[in-house]
Amino acid sequence: MPLGVAAFALSVYNFPIEKVSVTLLVLAVVTIFFSSYLKIQLPHTKIHITVSETLVFFSFLAYGGEVAVLLAAFESIYSSLSLRREGIRLKGKTVALNLTIALISTFASVLTINLIFDSPATIIGEGSNTVFVGLLTTMVLAQFAVNSLLVAVFMAIRTDQTVWQVWNDYCLNALVMYIAGAFMAGLAVKAIDQVDLFLIFVALLISSVVYLTYRRYVNDIRKTAAKAEQSERERAEQAERHIDELQHHIAEQDRIGQALRESKEKFRHAAFHDALTDLPNRNLFMETLKFAVEKSRHNPEHKFAVLFLDINRFKTINDSLGHSMGDRLILHVAKRLATSVREKDLVARFSGDEFAFILNNVKGIEDAVQFAELIKHKISAPFSLSGRQIFTSFSIGIALGGAEYEAAEDILRDADIAMYHAKDEKKDHVVFDQKMHTRAVTLLQLETDLRQAVERGELCMYYQPIIDLNTMKIFGFESLVRWNHPTRGLVPPNEFIPVSEETGLIIPMTLWILRTSCAQIVEWQRKSPANKNLVVSVNLSGKHFAQKDLVEQIRKILVETEINPACLKLELTESAVMENAESVIRMMKQIRDLGIQLSIDDFGTGYSSLSYLHRFPINTLKVDRSFVSSMEDGSENGEIVRTIVALAKTLRLNVIAEGIETIHQLHQLRILGCEYGQGYLFSRPVPVAEVERLITDTSRFEKIIPRQIIPPPSNIDVPHLRLAK
Ligand code: C2E
Ligand code: MG
Ligand code: MG
């Protein structure tokens, strides 16, 4: 700044007043006010080159250095101000700096010329052209050198680039314009000096051509640079978009990964948990049990217990209240069970109404029993479902796990066996013991044998006569199956019917029994006209009512054996009929439509609902032998038999008394008006050959009772029951 001020002051001080003329003023005005409009901005920079340089050079050559310095100064100030007017932000400091640079560079150029050349004016007028060119060159180089150097230093400070970089990148380009400007100024001065109009014209022409060419060149560069910048920008934007997309992709991948992890977790959870109660399921239970078994094999001190729980009569609840109610009950039970176990234990829903527990680290069976008591306490409180109070009971089987167990399945099986014992014995809980297993194995063996028995024809039929108590003649026979076991001998049905019911073997077995019995009775009927009305009673298992084609199968047998349907009676137990009343009634009606008779067996033991009884299309009630066997005068059982007989009469049904063993019982039953009887008193169930002997001996049963007792009293005193229909 001081240098600039000094240059300015010196120039003012030495200003040649005598040279002031109209021409100079015009030149000054043009230089200061208009030259800045003819400007070129150097590409990539804020540097503008104007024709003012040329005019400053011109003023230097024509009017001396002082004029040039002052003109350069004023031009710099004006062009800075006009840039500001155009909206370009220029700080005061920058304006001052521009001014200083203009002053110093012009002054340096003037000083250099004055030092090297004696009198520039003389050189223009008279000097050789070579010296003049030398002068111009010196002038422009000095001006450019100082100017560009100062600009480069200043920019280098501001942009952290080296001076050389700045100078090379931004300033060097301006050299052409400087040189062109200086030489045009020189040409103009020469032309004016020699008043050579042609030269002036040439100078103007060349300067315009140079100016326009350079301007065009610079514009081209600017356009190219702008294009490059534009495509750079686009590339950058594209890259940014790519990055965005990539990030979006990564985020999406993350999200998918997370969702995958979550769904994997869900699947894992679903694989090991029950959907209804969210308790661990059988899979998880078995895994945990295997682990417990392994642990106690390695460490015999480690004892654990497995409890198997089954809700009693859950099927009834499900059937009567609906499945959704059943589900809700299971859910409530599950909740109570879940709150009963310790952290280290496990409760799982096994299936339907079955739950299982693993109690870890128990001291002995007492701990497990104590836990079963706790469960009893928890579950015996009623469940309140949709305003209903529901009471449940359950059966628990307990097995104590220890080193003796090799597989998880074994201990579970034992707990299961114990649970079935609890059910059979109507206890809350039963602890497994080895005898139970032995029995279970026997049963399994029985099942295998039974399958073979059916195939090998080891089953045979026994027949027990049913006596008409009025005439004391054979009314018919009940056919009772026997198993002629190769090693065990004759096996009674009570030992194998339940197994065959469980395994489904009962279906083919009964069809065989039915066919055999019908064929047999037809054979006897055909032997003698006296036998033509013999009736055969065949026991039908409740399981049959689940068979859709039961009626059709029976019909086929009727056709096959040519039996008169009225001579066939099917015996159903009360429980079989009551279990699924509505659908059973439908099937019973279809059976009756075939002309077959129906009888309810073991009546009085199966809790039949009396309100149902009149809806069953039956012909006969069979009084259970438990009532008959202990029938004595005035005893409760005697009353029951009396009531059943009365009930049968009200419903217009026949009555058969089972299990008559004594003459006394027979006498009683006859007094009560019971029409038919069956029992050891008359005959045990006997094989075919025996039956034939019984049939031929027609007066055999009449001899059982003294003559005077026959016939029975005609007016039997039995109460009449009124049933609400
Ligand atoms: P159930 O149908 O009540 O048969 C009567 C049972 O009482 C027969 O036993 C018979 O031998 C027995 N019994 C008859 N009179 C007397 C008596 O005076 N005193 C005593 N103590 N018992 C007498 P069984 O043959 O052992 O049959 C038992 C049960 O097995 C039958 O009871 C029936 O429910 C079932 N059963 C027998 N055969 C068949 C069959 O072919 N099919 C089906 N589904 N069940 C059968
Ligand atoms: Mg029977
Ligand atoms: Mg019976």
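Things worth noting here:
- Filter result (more than 12 Å from ligand 2 (Cβ to nearest atom) and touching a residue at least 24 places away in the same chain (Cβ under 8 Å)) within the stretch 529-545: Ala530, Asn531, Asn533, Leu534, Val535, Gly542, Lys543, His544, Phe545
- Output for the stretch 409-461, where each listed residue is at pLDDT 90 or above, within 25 Å of Pro685 (Cβ to Cβ) and of a type in the set (Asp, Glu): Glu458
- Scanning the stretch 599-617 finds no residues that are under 49 Å from the mean Cα position of the chain (by Cα), away from ligand 1 (no atom under 15 Å from the Cβ) and modelled with pLDDT of 90 or more.
- Filter result (under 19 Å from Glu632 (Cα atoms) and at pLDDT 90 or above) within the stretch 670-725: Arg670, Ile671, Leu672, Gly673, Cys674, Glu675, Tyr676, Gly677, Gln678, Gly679, Tyr680, Leu681
- Hey, Asn361 open to solvent by 60 Å² or more (accessible area, probe 1.4 Å) and either of a type outside the set (Val, Ile, Thr) or within 13 Å of Leu279 (Cβ to Cβ) (or both) or not: yes
- Residue match in the stretch 550-572 (condition: in a strand (DSSP E or B), open to solvent by less than 30 Å² (accessible area, probe 1.4 Å), modelled with pLDDT under 95 and under 14 Å from Thr510 (Cα atoms)): yes
- From the list Thr130, Thr94, Thr112, the lone residue that is of a type in the set (S, T, N, Q), in a helix (DSSP H, G or I) and open to solvent by 50 Å² or more (accessible area, probe 1.4 Å) is Thr130.
- Count of the stretch 527-549 residues which are within 16 Å of ligand 3 (Cβ to nearest atom), closer than 17 Å to Val454 by Cβ and surrounded by fewer than 20 Cβ atoms within 10 Å (Cβ to Cβ): 1
The rows are residues; the columns are (1) open to solvent by 40 Å² or more (accessible area, probe 1.4 Å); (2) on the phi > 0 side of the Ramachandran plot.
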| site | (1), (2) |
| --- | --- |
| Glu404 | yes, no |
| Lys426 | yes, yes |
| Lys435 | yes, no |
| Asp449 | no, no |
| His485 | no, no |
| Pro493 | no, no |
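- Filter result (over 17 Å from Leu550 (Cβ atoms) and either touching a Gly at 6+ places or on another chain (Cβ under 9 Å) or β-branched (Val, Ile, Thr) (or both)) within the stretch 581-621: Ile600, Thr605, Thr620, Leu621
- Of the residues making up the stretch 503-517, those that are open to solvent by less than 10 Å² (accessible area, probe 1.4 Å) and either more than 16 Å from ligand 2 (Cβ to nearest atom) or among the β-branched types (Val, Ile, Thr) (or both) are Ile506, Thr510.
- The conditions of being within 30 Å of Gln445 (Cα to Cα), open to solvent by less than 20 Å² (accessible area, probe 1.4 Å) and either over 53 Å from the mean Cα position of the chain (by Cα) or among the β-branched types (Val, Ile, Thr) (or both) are not met by Trp524.
- Taken over the stretch 573-590, the residue count meeting the criterion of being within 14 Å of ligand 1 (Cβ to nearest atom) and part of a helix (DSSP H, G or I) is 4.
The values are calculated or read from the model by the stated rules, or taken from the named source; none is laboratory data. The model shown is predicted, which means the values in this text are computed figures rather than measured ones. Glycine gets a Cβ as well: all are built from the backbone with ideal geometry, and neighbour counts include every protein chain shown. Just so you know, the surface numbers come from the protein's heavy atoms only, side chains and all, with ligands and any DNA or RNA stripped out. Shrake-Rupley method; radii C 1.70, N 1.55, O 1.52, S 1.80 Å.
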